[in-house]
Amino acid sequence: MRLARRQALAGLGALALAPKALAREAPVPDLALYQAIRDEGLTRGQAMTFATSLVDEVGARLMGSPSMRRAYDWALARMRALGLGDPRLEPIGPFGLSWRQTLAWARMTAPDAVQFTAVASPWSVATKGAVAGQAVAVRLDSDEDLERAKGTLAGRIVLLGAPKSASAEGSAIVRYSDEQVVKGDAAQAVRAYYRTVVERRARQGWEGLFKARRNAFLAAEGVVAVLIDGGGAEPGAMVVDGSELGGRPWLAAERPFFPALYVDGASYARCWRLAKAGAAPRLELEIATEEGDPAEPGYNVVAELPGQDPALKAQVVLAGAHLDSWAAGAGAADNGAGVAATLEAIRILRAVGARPRRTIRVVLYGGEEQGLYGSEGYARQRLGWIPRSTAPEQMALPVEGRRAKIGPLRKGAEYEDFSVAFNLDGGSGRVRGVFTGGNPALAELYRAWTAPLKDLGVLAVYDGPHWPADQSTFTEIGLPGISFLQDPLDYDGRAHHTSLDTLERLSPGDLAQAATVLAIFLINSANSDARAPRPAPT
């Protein structure tokens, strides 16, 4: 989410109004069931119990790592304890290198002695013990830059690019005002961010090709290591997701062949200034890793709350959240919160004795952080897929789902029996609105469903997209994929892909509200007379 979304949020007041509801009346919700769900979720809720167990006991869940394998076991155990049907791991194909950092440190030894905060770039190669060298500050943003730097980097520790700009002030906790939600300003800010993501991805193929050339250049030069500025929007937060090196470092054949280390923003900036001033800073560092299968399998964790209506139980309402995270923090807001709220929503439904007519399927996705691997794998195996471009700049994109569409949808066996997919991936903030992804009929229905939830802060339904996440996998193949507008809290500044994404990022009351709202949407979807309306074909 980062800078583009933060800038969009800053300009909320100048944005357009939300779309108006359509005229046709929607069915009246079951208010007695609403009240039972509210009582259970808001007074006896256990969302934080799920979250604390996952975040503190399992911790960071980098895809392919031993910790991710522990997360699979954790999720299966929770699904069994909830009494869900057939908890299982569903393969999404070989993912990549099994890897974890076991040691990472860096320090300056001259002209001053300073210890840095350091984290290995995900899937970095290890050093052979401690290594040392002079730090050199270089901008390598073009092929011309590479040509100018040729022959100058052997034996050096490369500072990869100028320091990020950072604020001296900490991030505030952000909550939307009711006016921002009702008028649609908050939704428009999110859509502005969505547009920047789409535009950035249009450039990613060419950028990926360049970064691959740059990685090969650095390896050929014989650099000792590469240092990356981990500075985030919040002082003390380190953003660590490997994006600066590009490509798919989780694949053994594509990982950079040099050690790469993120260091805290203040230390990086100081080294850069010293190097630019000719002070020749000297650094020492070490990375130790544990590596295993170069084609570690990836999985989704799946289970069902079976439908009770013989005529409708084959239809599926999907409750989804991604189980994986990056490795610098503990994956609390991104996305332990979504996992906890999803499991809690199911617990609530079980506690109130809800009997869904359709099957509610829980899917905790793997590999979301590398490009929606889990939801794409689920859809391809069950629902359908669209052939993608194989042009060189498109093949440089990290995952198939980001490549340009070149063919019609090929429907899978479960396409017609699919109803709707819900996705929670916005931190632990309370739900303020619902995005229906260009589906006016569904937006009209959801306005009736949210009317009794206004006192909980759920004030709007938006007929448009949220930012690209796992729900996008479903909307792209013509199925309803639903996400939620949540209060940001400190997701953007402190949590998103950072070392500060720990349990402290979660708001217990907000998380209980989000789980309660999700439970209501799940049971309403499962018990509606008709399958969720689908968007018009494009």
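Counting only C-alpha contacts under 8 Å and six or more residues apart, can you give the relative contact order of the stretch 340-487 as a whole percent?
That works out to 24 percent.
What angle do you read, to the nearest 10 degrees and between 0 and 90, between the alpha-carbon axis of helix 265-276 and the longest principal axis of the chain?
The two axes meet at around 30 degrees.
Once you keep just the Cα pairs under 8 angstrom separated by 6 or more residues, what percentage relative contact order results for the stretch 180-279?
About 28 percent, as a whole number.
Can you give the accessible area of residue 380, probe radius 1.4 Å, in Å² rounded to 10?
110 Å²
Contour minus end-to-end for residue 410 and residue 257, with contour as 0.36 nm per residue of separation and end-to-end as the Cα-Cα distance?
51.2 nm
In the chain, if every C-alpha pair distance is counted and binned at 20 Å from zero, what percent goes to each bin?
Per 20 Å bin, starting at zero, the Cα-Cα P(r) for the chain comes out as 22, 55, 21, 2 percent.
Sorted by accessible area with a 1.4 angstrom probe, largest first, how do 148, 402, 61, 347 fall?
Per-residue accessible area, sorted high to low, gives 148, 402, 347, 61.
Counting Lys and Arg as +1 and Asp and Glu as -1, what is the net charge of the other residues whose Cβ lies under 11 Å from the Cβ of residue 480?
Neighbour charge sum, excluding residue 480 itself: +2.
What residue among 441, 46, 246 has its Cα farthest toward the positive end of the dipole of the chain, where the charges are +1 on Lys, Arg and -1 on Asp, Glu, each on the Cβ?
Result: 441, furthest along the dipole toward the positive end.
Would you work out the relative contact order for the stretch 381-430, in percent, from Cα pairs under 8 angstrom that are 6 or more residues apart?
Normalised by residue count, the contact order of the stretch 381-430 is 44 percent.
Report the label-to-label distance for residue 89 and residue 103 in nanometres (one decimal), using points 7 Å from each Cα along the Cα→Cβ vector.
Placing both labels 7 Å beyond Cα along the Cβ direction yields 2.9 nm.
Roughly what angle does helix 31-43 make with the longest principal axis of the chain, taking Cα atoms, 0 to 90 degrees, to the nearest 10?
The two axes meet at around 40 degrees.
For the chain, take the longest principal axis of its alpha carbons; what is the angle in degrees between that and the long axis of helix 440-450, to the nearest 10 within 0 to 90?
Relative to the chain, helix 440-450 is tipped by roughly 80 degrees.
Determine the share of the chain's accessible area contributed by carbon and sulfur atoms, expressed in whole percent, with a 1.4 angstrom probe.
The C+S portion of the solvent-accessible surface of the chain is 53 percent.
If DNA, RNA and ligands are ignored and the probe is 1.4 Å, what is the ranking of 240, 174 by accessible area, most exposed first?
My answer, sorted largest first, is 174, 240.
Karplus couplings for the stretch 406-411 from phi (6.51 cos²θ - 1.76 cosθ + 1.60, θ = phi - 60°), rounded to Hz, Gly and Pro as x?
Using θ = phi - 60°, the values come out as 10, x, x, 4, 10, 6 Hz.
Considering only protein heavy atoms, what is the solvent-accessible area of residue 193 at a probe of 1.4 Å, reported in Å² to the nearest 10?
For residue 193, solvent-accessible area is about 20 Å².
Across the stretch 375-494, what fraction of all alpha-carbon pairs, as a whole percent, falls in each successive 10 Å bin from zero upward?
13, 36, 32, 17, 3, 0
Suppose accessible area is computed on protein heavy atoms with a 1.4 Å probe; arrange 270, 195 from highest to lowest.
Result of the area sort, largest leading: 195, 270.
How much net charge surrounds residue 460 when only other residues with a Cβ under 9 Å from its Cβ are counted (Lys, Arg +1; Asp, Glu -1)?
That works out to +3.
So what's the stretch 79-169 giving for Rg/Rh, alpha carbon basis, Kirkwood Rh from the mean inverse pair distance?
Radius of gyration relative to Kirkwood radius: 1.16.
If you average 1/r over every pair of different alpha-carbon atoms in the stretch 302-450 and take one over that average, what Kirkwood value in Å do you get?
For the stretch 302-450, the Kirkwood estimate is 17.3 Å.
Lys and Arg at +1, Asp and Glu at -1: add these up for the other residues within a Cβ distance under 13 Å of residue 524 and post the number.
+2
Keeping all protein chains in the complex and leaving out DNA, RNA and ligands, what accessible area do you get for residue 368 with a 1.4 Å probe, in Å² to the nearest 10?
Accessible surface of residue 368 is approximately 20 Å².
Using 0.36 nm per residue, how much length does the chain from residue 196 to residue 31 gain when fully extended, once their Cα-Cα distance is taken away?
55.4 nm
Could you state the accessible area per residue of the chain in Å², with a 1.4 Å probe and every protein chain left in place?
Here the per-residue accessible area is 38 Å².
Quick check for me: using +1 on Lys/Arg Cβ and -1 on Asp/Glu Cβ, what's the dipole size of the chain about its Cα centre, in debye to the nearest 20?
Magnitude of the dipole: close to 660 debye.
Using 0.36 nm times the number of residues separating residue 152 and residue 206, minus their current alpha carbon distance, what extension gain do you get?
Computed gain between residue 152 and residue 206 is 16.9 nm.
Need one number: % antiparallel among DSSP beta bridges in the chain, to the nearest 5. Display every interim value, and only then the final one.
Values: 42 of 71 bridges.
In the chain, approximately 60 percent of DSSP beta bridges are antiparallel ones.
Using 18 Å as the cut-off for backbone N distance, which residues of the stretch 63-100 belong to the label zone defined by a point 7 Å from the Cα of residue 295 along Cα→Cβ?
64-65, 91-99
The values are calculated or read from the model by the stated rules, or taken from the named source; none is laboratory data. This is a predicted model, so every value here is computed, not measured. All Cβ positions, even for glycine, are placed from backbone atoms using ideal geometry, and neighbour counts span all protein chains on display. Protein only, heavy atoms only, side chains kept; ligands, DNA and RNA dropped before computing areas. Shrake-Rupley method; radii C 1.70, N 1.55, O 1.52, S 1.80 Å.
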